[in-house]
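Notes follow the structure.
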Amino acid sequence: MSTITTPRLAESGPPLDALLVDALSPLRRFAPDMSTAKWAISLARKPEVTARRLGGLGAEAGRILTGSSAVAPHRRDRRFTDVAWTDNPLLKRLVQLYLAGGHTAEQLVTDADLDPRDRHRVRFLLENVIEAAAPSNLPLVNPASAKAVIDTAGLSLVRGGKQLVKDLASAPRVPEMVDSSGFVLGENVAATPGAVILRTEVMELIQYAPQTDEVYEVPTLVVPPTINKYYALDLAPGRSVVEFGVRQGRQVFVISWRNPDSRHASWNLDTYVRAVLDALEAVEEVTGSARTVLGGVCSGGILASMAAAYLAGVGRQDRLAALCLAVTVIDNDDAGTVSALVDDRLARRAKARSARKGYLDGRELAEVFAWLRPGDLVWNYWVNNYLLGRRPPAFDILFWNSDTTRMTAALHADFVDLAMENSLARPGGLTVLGVPIDLGRITVDSYVVAGIADHLTPWESCYRSARLLGGTTRFVVSTSGHIAALVNPPGNPKASFHANDELTSDAKSWLKGSDIHEGTWWTDLGVWLDERCGAQRPAPQELGSRRLSVLAEAPGTYVLDR
């Protein structure tokens, strides 16, 4: 029996600049454009190939109608698991026609003579159209929807209709993904004990309370993303990398960014790198350590890299014991969808719009993130919320994902320019706090982790980024996606990661030569840090220092800003 599936966005995830531009005009990705026209023209110039594909579809449609087709959904396709999709002859044929049509459309994209930019654009549009056209998205046609209507005397569609109107009323205009009623910051998420010991206009610095009698003398400072709140690192008890580190005897400090508004429009890369350096100084004062492991996640990894390069540029790299980066793309060269989804004109318009508001609204960015994986993050909840009239599930990762933040207009513009010009990949291509940035001058050891199914920061781009760093780099690829690569606690029997200390020039060659390790990369990082964090000493009895006293219990106050 043959199976047909549509391609996953993990294979063509757009980089940061594309996301930041699309956030201000997300609907443009669904509109036919010159790339679509080029696709049609290319197919018109290949009449024999096009006719063969369409003829094949016609022949398959004939077999479907006569009941002799072997087309079937993939066994992992959750949309068609209800037995009615196979037992009901009409529904079975509808699904087969849908799958055959989608497969033919994908073949026609492959057949066309398109440059990478146009191919990415057409594929992106096509995947969204195919996902939207699934018969499982139709009320009453979906057998689960029809059953729910009968069981509730139509109330399921009434509830779903009310929820649809509510969701469309304000951004992000996508189905609600999580029931957030059961989550409380500081209780069952962001719950690792600690305290805010420094508060500036830009950030709060959280020091976590030791949970061992002894701690390593070299502390760890983590820079979180600037487009979400920090507690993906401290998601829930048993699922927190912060908690894991503290229980290993680490002195862990994490920055919690302020949720900016129009008053903070001028905060730019210099502002945020200066905040990282301020936090580093506070960590040194509190712990008495002359060296610190500096870590960063996603866009926070970009800031951490800049801060490290700044210290190297001013001759103070001795303040760092190591650099750790997670799901961080620094080198945007040959990222495929950079040129596909963004051009200079759109970038200028996006920056101008955020400049008028003073910020980029995180809810608009959340809408873009959702449409990157339409099957999982839009249509899945469309069926659950609107067709079945149910509440979405309570899931900690999605609760964090829905707790959006804003990005200042200046930082938004800097990130777009940074990625489009690929400034960090060129020594001296960018100046921060008056110092030319050269990542090759970062000679401390580095640990870089990526997710092999990451649709936001593709692992190949993370790999190229890791090769920009000087010193010795351990590169690890977790067999998971963007956030799942971070929230990867021990005990998951399906968890594994690739590791290979030989960074070849080609990412795929590296992967081919890598070893697969069972379990989570958290434990691998722990062993790596043990060798770079010095001796152990008695754990501090109090948090903060004489000058930096406790200002609030973790998770602090900035994380509560809406």
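Things to note:
- For the chain, the longest principal axis of the alpha carbon atoms and the long axis of helix 89-111 meet at an angle near 60°.
- In straight-distance terms, cross-link reach from LYS38 covers every one of the lysines whose alpha-carbon lies under 27 Å from its own, apart from those fewer than eight places away in the same chain; here that gives LYS46.
- Rg/Rh, computed from the Cα trace of the chain with Rh as the Kirkwood radius, has the value 0.99.
- Full extension of the segment from SER181 to ILE150, taken as 0.36 nm per residue of separation minus the current Cα-Cα distance, would add 8.3 nm.
- Sum of -39500 (n - 2.57) over DSSP H runs of 4+, divided by residues of the chain (222 nm, nearest 500): -12500 deg cm²/dmol
- For SER549 and GLU201, a Förster radius of 25 Å and the Cβ-Cβ distance give a FRET efficiency of 0.85, rounded to the nearest 0.05.
- Ordering of 59-66, 127-134 by burial proxy (mean other Cβ atoms within 10 Å per residue, highest first): 127-134, 59-66
- Around ASP151: net Lys/Arg minus Asp/Glu count, Cβ-Cβ under 14 Å: +3
- Whole-Å distance, taken between Cα centres, linking segment 472-526 and segment 407-462: 21 Å
- For segment 148-196, the mean projected area of the C-alpha convex hull, equal to one quarter of the hull surface, is 5.5 nm².
- Residues in the chain average 42 Å² of solvent-accessible surface per residue, probe 1.4 Å, ligands and nucleic acids excluded.
- Expressed as a whole percent, the accessible surface of the chain that belongs to carbon and sulfur atoms is 54, based on a 1.4 Å probe.
- Helix 116-132 axis, angle to the chain major axis (alpha carbon atoms, nearest 10°): 70 degrees
- Theoretical gain in end-to-end length, ALA40 to ARG391 [0.36 nm per residue, Cα-Cα removed]: 122.2 nm
- Take each peptide in 86-99, 226-239, count the other Cβ atoms within 10 Å of every residue, and average; sorted highest first, the result is 226-239, 86-99.
- The angle between the Cα long axis of helix 362-372 and the main principal axis of the chain comes to about 50°, on a 0 to 90 degree scale.
- Here the relative contact order of segment 282-394, from alpha carbon pairs under 8 Å that lie six or more residues apart, stands at 18 percent.
- Straight Cα distances below 18 angstrom link LYS147 to the lysines LYS92, with same-chain residues fewer than 8 positions distant left out.
- With both labels modelled 7 Å from their Cα along Cα-to-Cβ, the LEU560 to VAL129 distance reads 5.0 nm.
- Partners of LYS512 within straight-line reach, counting aspartates and glutamates whose Cα lies under 16 Å from its Cα and excluding those fewer than 8 residues away in the same chain: GLU460, ASP501, GLU502.
- Order by protection proxy (mean Cβ within 10 Å, highest first), peptides 507-517, 204-214, 167-177: 204-214, 167-177, 507-517
- Label sites at VAL49 and GLU281, each approximated as a point 7 angstrom past Cα along Cα to Cβ, lie 6.1 nm apart.
The values are calculated or read from the model by the stated rules, or taken from the named source; none is laboratory data. Owing to the predicted nature of the structure, the values given are computational and were not obtained by experimental measurement. Note: ideal-geometry Cβ built from the backbone for every residue, glycine included; neighbour counts use all protein chains shown. Heavy atoms of the whole protein, side chains included, go into the accessibility calculation; ligands, DNA and RNA do not. Shrake-Rupley method; radii C 1.70, N 1.55, O 1.52, S 1.80 Å.
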